[in-house]
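A.B. asks: Take a look at this one; I'll ask things after.
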Amino acid sequence: MNTLNEKAFAISTLLYGLLIISVLVIFMIVSMAAFTKKSSSDFVNKLEKELITWADNNNNTSCTS
């Protein structure tokens, strides 16, 4: 009977360990995705501002010679 309790304890410890590792990995993936989205949004906003500035500065010039 004692051996059964030891095996059950070992299995439950293993399962809880895997559960904790899985939760940490999922949390890291979600964090990286949020950071990537923020970086992409910052890049798009900066590019948009630069294009608007360029268009304002070159508004008087014609594309054809």
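A.B. asks: Please report the orientation-averaged projected area of the chain, defined via the convex hull of its C-alpha atoms, in nm².
C.D. replies: Details: hull surface 23.8 nm².
For the chain, averaging the hull's shadow over all directions gives 6.0 nm².
A.B. asks: If you don't mind, there's one more thing I want to ask. For a Förster distance of 35 Å, can you work out the FRET efficiency between the beta-carbons of Thr3 and Leu24, rounded to the nearest 0.05? Write out the running numbers ahead of the final one.
C.D. replies: Numbers: r = 32 Å, r/R0 = 0.91.
FRET efficiency, Thr3 to Leu24: 0.65.
A.B. asks: For the pair Tyr16/Leu51, report the inter-label distance in nm, with labels modelled 7 Å from Cα in the Cβ direction.
C.D. replies: Those two pseudo-labels are separated by 5.4 nm.
A.B. asks: Taking K and R as +1 and D and E as -1, what net charge do the other residues with C-beta under 14 Å from the C-beta of Ser31 add up to?
C.D. replies: Values: positive: Lys37, Lys38; negative: none.
The answer is +2.
A.B. asks: Using the alpha-carbon atoms, what tilt in degrees (0 to 90, nearest 10) does helix 2-57 show relative to the longest principal axis of the chain?
C.D. replies: 0
A.B. asks: Let me ask something additional. So what is the 222 nm mean residue ellipticity for the chain from helices alone, if each DSSP H run of at least 4 adds -39500 (n - 2.57) and you divide by all residues, rounding to the nearest 500 deg cm²/dmol?
C.D. replies: Result for the chain: -32500 deg cm²/dmol, rounded to the nearest 500.
A.B. asks: A further question follows. So, for the chain, what is the accessible surface per residue at a probe of 1.4 Å, expressed in square angstrom? Write down the numbers at each step before the final one.
C.D. replies: Values: 6420 Å² over 65 residues.
That works out to 99 Å² for each residue.
The values are calculated or read from the model by the stated rules, or taken from the named source; none is laboratory data. Nothing here was measured: the structure is a model prediction, and the numbers come from that model. Because the Cβ atoms are built from the backbone with ideal geometry, glycine has one as well, and the counts that use them run over all protein chains shown. What goes into the accessible areas is simple: the full protein's heavy atoms, side chains included, and nothing from ligands, DNA or RNA. Shrake-Rupley method; radii C 1.70, N 1.55, O 1.52, S 1.80 Å.
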